[in-house]
There are 2 protein chains.
Amino acid sequence: MKKYVEAITDMDKDFALWYTDIVKKAELIDYSSVRGCMILKPYGYAIWERIQKILDQKFKETNHENVYMPIFIPESLLQKEKEHVEGFAPEVAWVTHGGNEKLTEKLCVRPTSETLFCEHYANIIQSYRDLPKLYNQWCSVVRWEKTTRPFLRSLEFLWQEGHTAHTTFEEAEQETLKMLDIYADFCEKILAIPVIKGKKTENEKFAGALSTYTIESLMHDGRALQSGTSHNFGDGFAKAFDIQYTDKQNKLQYVYQTSWGISTRLIGAIIMVHGDNNGLVLPPNIAPIQIAIIPITTKKSEVIDAAKMIEAKLKSQNLRTKLDLTDKSAGWKFSEYEMKGVPLRIEIGPRDLENNSATFVRRDTNEKITLPLNNFDAKEILDAIQKNLFDKALAHRNKNTFNAENLEQLEKILSNTPGFIKANWCGNLNCELAVKEKTGATARCISFEPANGKCVCCGKNAQHLVYWAKSY
Amino acid sequence: MKKYVEAITDMDKDFALWYTDIVKKAELIDYSSVRGCMILKPYGYAIWERIQKILDQKFKETNHENVYMPIFIPESLLQKEKEHVEGFAPEVAWVTHGGNEKLTEKLCVRPTSETLFCEHYANIIQSYRDLPKLYNQWCSVVRWEKTTRPFLRSLEFLWQEGHTAHTTFEEAEQETLKMLDIYADFCEKILAIPVIKGKKTENEKFAGALSTYTIESLMHDGRALQSGTSHNFGDGFAKAFDIQYTDKQNKLQYVYQTSWGISTRLIGAIIMVHGDNNGLVLPPNIAPIQIAIIPITTKKSEVIDAAKMIEAKLKSQNLRTKLDLTDKSAGWKFSEYEMKGVPLRIEIGPRDLENNSATFVRRDTNEKITLPLNNFDAKEILDAIQKNLFDKALAHRNKNTFNAENLEQLEKILSNTPGFIKANWCGNLNCELAVKEKTGATARCISFEPANGKCVCCGKNAQHLVYWAKSY
């Protein structure tokens, strides 16, 4: 019974250990005997289900359709696009035997499904009337990572991958940016995580993409996390896979394609942006349980009746509510729901009842408020929590975003306080690599703001304003 | 433009070809370059999404929680339960290489996840307070089948697998039967497919189960389809995986387990129970589109306005509606929505409008009704279609269910009209195998009704009343 009350590692002492303590003690995941693969426990999976539900609706509102592609990719198919195969082949799992037979061609377990979508599109797209194709798939993918970490980097993870085909480059670019916006909006409004939108450098872009856009968020420890990406493929894949259509003038044309994805990694972001030394902190808009109702005693029927009345009221407002009537102690329950990051706790005991009131405890601020039973607005408190979490995360990011004029400054800032460094860049790969070698920071993204000075590395005129950071 | 209008194979001439025509022309699936793996296209996947949504809600209402287990099972873990590994090892896909390295232990791509759930349960179940565990998972599984057929038998398929652990055998048995009832209810009320509930023979039960329950349905061609199964494992897996808990008397006890599943195979059942020579026929309760609204002309604004008014009205009633304003001909659209099995079509043209009415065409009966625009009840028509489809399927099953007293009768009936044969059985494996060898029919299930005579094969006193049939 002591597992929740047991303290977790202090986040300021050992952030990595604090993180793994949370994923275990908030009952998000468990390990299995398969190296690097995690078990998503009910509470962890419930967060993923909420992510799916909200994003899936956004995808459908923007006319995307869900499909399901095979789990396997034949080696020859993976090899069709040169850059793509070079990017992924070193990290795939290979099926070589089926039943008792050796396969004539080995199959990889999909690390991503561009090649399968392209093959399918080549089959089903004939005319401009067939375009655009706006497909999405929810599935798991496998990447043979050497070091793994729950949610952030695992051999297998759950994600969605959108794959679209268009008649023009411009339409593909629009789609790429539209999906980036949907991701950014989702992170900010639902997960209460502020993000920087930008473009990846040539060196950091997706294998096979013409351009990769990204949303980058800043974790509590000052490291950045790539939280979603959206790629414009131009007609590169179309040429490799021969995806052509006849246009209105009856001429053959290649399609322009995009792909975009987010994954269970977002759960890692939630933990590392909002969590504290009492455990997980969930923004109300994503929390599987928004409000936990805890009777101080389960032995007095009038207390239980009042708790049930509160539950009925909250459920009628469509708030995700859990009334805990188990025989554990109230104190134990407080710690449990704190550890699990439930945004709001309502405590009710005999003394509250005498005053016809209940005690409301906010997870984000630990603030306790007494409110009359007949006159409280839980929705309003949840909205305030949601806003406060976003504001706090934004303030933290602002506080940890610095400007650097040259490499020495950049190095010095990063050695003191990790965070985002905004610094100009000439666009030369050597400078990008030099920054990485000297400081450990990579170019997280090229800002949509213009460059305004000299390259942080070589001092030549800058092409881009770049957000640099150490990252997960 | 002719693909929909093009006739499909007559189902009475070649049922197998009719079936593959439908899956292709109703745009449910497409093939990929991976042998035996299918692509679920938007319309096929939308049916699966409806199946998921409705069943997932049922699972949650009965206190089940969703989780996600790894995609891989190490060889040693698969081998822990003897009967289970013998049942599955011959049909799994083996991953032998990860990245560029040969694995020290090969991993199979899950064919089913009993072993993973058992390993997890052994870790997380300590006390009677931890029980019951009621978990479910939605995922894809892989079985290395030699011959494959869309939805019915494929290398990879989508399914759900429930896995539960209980303190007593009786509780596990109750769970097993409860889930069987949920499946049966779903098939009958939502898919309009009548099912026979029963128990598998020892020879036909799941590898590792103590008893397997099944729902069996009869396809249009008289062959049976196993449509869902629910297994009681007793404490067999618990002993193999050492899943023990301390009971209230502080004594160590093994848990009792169940598992249960349904898959995309149900889409095959829908096709083969309700489909006709014009294509797919979908019961309204499962149809992604319940009503297609088709203006006879898209050139007259008053017709389009009226069509939009109908659409708004139906959507406000939460009916899944599609208004087709594309520039294809009305006739082409009629065929398309017929092929796709949309239950109800509303046609509206200038002449209808003059009479302030619209034409309603039922997919199940092809009946045309003219109804006033201000006074029609689409929901009522959909309910009538749902009921009629079930009644028709039940009548078909009743007409094709026969009794047989001996092997000659059984053989004769099956050679004339395939269907279910109810016949008594002594319980002896040799008799079961003899029936199969002579007639091609297998014991689909032991009926919950008692035996009432002599064994159809050996003439000795019967133990069970069995439904026999040729099956998919």
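Side notes on the structure shown:
- A full extension of the chain between residue B:355 and residue B:17 corresponds to an added length of 117.3 nm, given 0.36 nm per residue minus the alpha carbon distance.
- Spherically averaged projected area of chain A from its Cα convex hull (nm²): 26.6
- Secondary structure note: in region A:15-274, about 95% of the DSSP beta bridges are antiparallel.
- Across the identical copies, the label point of residue B:126 (7 Å from Cα in the Cβ direction) is separated from its matches by 6.5 nm, in order from shortest.
- Dipole in debye (nearest 20) - region B:1-95, about Cα centre, beta carbon charges: Lys, Arg +1; Asp, Glu -1: 380
- When all alpha carbon pairs of the protein assembly as shown are counted in 10 Å bins from zero, the resulting P(r) reads 2, 10, 18, 22, 21, 16, 8, 2, 1, 0 %.
- Listed residue (A:330, A:359, A:414) projecting farthest to the positive dipole end of region A:289-419, Cβ model: A:330
- Dimensions (Å) - region B:291-384, Cα atoms, principal axes, largest first: 32, 28, 22
- The mean sequence separation of alpha-carbon pairs under 8 Å and at least six residues apart, normalised by the residue count of region B:401-469, gives a relative contact order of 40 percent.
- Estimated vicinal HN-Hα couplings, Hz - region B:30-41 in sequence order (Karplus 6.51, -1.76, 1.60; Gly, Pro = x): 9, 8, 10, 7, 8, 3, x, 9, 10, 9, 7, 6
- Coupling constants for region A:190-200 follow from the phi torsions by the Karplus curve (6.51 cos²θ - 1.76 cosθ + 1.60, θ = phi - 60°), and in residue order they are 9, 8, 6, 10, x, 10, 9, 8, x, 10, 6 Hz; glycine and proline get x.
- A simple spin-label model places pseudo-atoms 7 Å from Cα toward Cβ; at residue A:325 and residue B:471 they are separated by 4.3 nm.
- Links that overshoot a 31 Å alpha carbon limit, given the list A:60/A:197; A:387/B:379; B:189/B:340; A:199/B:328: A:387/B:379; A:199/B:328
- Dipole of region B:68-194 [Lys/Arg +1, Asp/Glu -1 at C-beta], most positive-end residue of B:139, B:186, B:94: B:94
- Nearby aspartates and glutamates by direct alpha-carbon distance to residue B:13 (threshold 14 angstrom, same-chain neighbours under 8 apart not counted): B:21, B:221, B:276
- Note on residue B:189 and residue A:96: their simple-model spin labels are 5.2 nm apart, each label 7 Å out from Cα toward Cβ.
- Charge dipole of region B:15-274 (Cα centre as origin; +1 on each Lys and Arg Cβ, -1 on each Asp and Glu Cβ, all else neutral): 500 debye, rounded to the nearest 20.
- Taking the longest Cα principal axis of chain B as reference, the axis of helix B:429-439 is set at about 30 degrees.
- Of B:133/B:178; B:53/B:392; B:315/B:392, those spanning more than 19 Å from alpha-carbon to alpha-carbon: B:53/B:392; B:315/B:392
- Residue order, fewest to most beta carbons within 10 Å, for B:169, B:402, B:420, B:186: B:169, B:402, B:186, B:420
- Using R0 = 60 Å, the C-beta based FRET efficiency linking residue B:332 and residue B:248 works out to 0.30.
- Exposed-site-free run, longest, chain B (rule: trypsin sites (Lys or Arg not before Pro); DSSP loop; at most 12 other C-beta within 10 Å): B:300-472
- One equal scatterer on each Cα of region A:124-223, no solvent, Debye formula: the resulting log10 I(q)/I(0) at q = 0.11, 0.14, 0.17 Å⁻¹ is -0.46, -0.74, -1.07.
- A Förster distance of 60 Å, applied to the separation of the beta-carbon atoms of residue A:452 and residue A:58, puts the FRET efficiency at 0.95.
- If R0 is taken as 56 Å, the Cβ-Cβ distance between residue B:401 and residue A:416 corresponds to a FRET efficiency of 0.10.
- Here is the P(r) of region A:403-469: all C-alpha pair distances, binned every 10 Å from 0, give 26, 62, 12 in whole percents.
- The distance between label points at residue A:429 and residue B:86 comes to 5.9 nm (points 7 Å beyond Cα on the Cα→Cβ vector).
- Among residues other than residue B:212 with Cβ under 10 Å from its Cβ, the summed charge is +1 (Lys and Arg +1, Asp and Glu -1).
- Set of aspartates and glutamates near residue B:300 by C-alpha distance (under 15 Å), chain-local residues within fewer than 8 positions excluded: B:324, B:327, B:347, B:352, B:354
- Residue range of chain A that is longest and free of GluC sites (Glu not before Pro) which are both DSSP loop and sparsely packed (at most 15 other C-beta within 10 Å): A:7-201
- Restraint check, A:82/A:239; B:412/B:438; A:205/A:436; B:399/B:454; A:200/A:412; A:251/B:333, Cα-Cα greater than 18 Å: B:399/B:454; A:200/A:412; A:251/B:333
- Cβ-defined net charge surrounding residue B:107, 10 Å radius [Lys, Arg +1; Asp, Glu -1]: +1
- Computed from Cα positions, the angle between helix A:42-61 and the longest principal axis of chain A comes to roughly 50 degrees.
- Crossing angle, helix B:301-316 versus chain B [Cα axis fit, 0-90 degrees, rounded to tens]: 30
- When only alpha carbons are used to place a centre, region A:29-107 and region B:61-85 end up 18 Å from one another.
FYI, it's all coordinate maths here, none of it is from the lab. These numbers were taken from a predicted model, which means no experiment stands behind them. Note: ideal-geometry Cβ built from the backbone for every residue, glycine included; neighbour counts use all protein chains shown.
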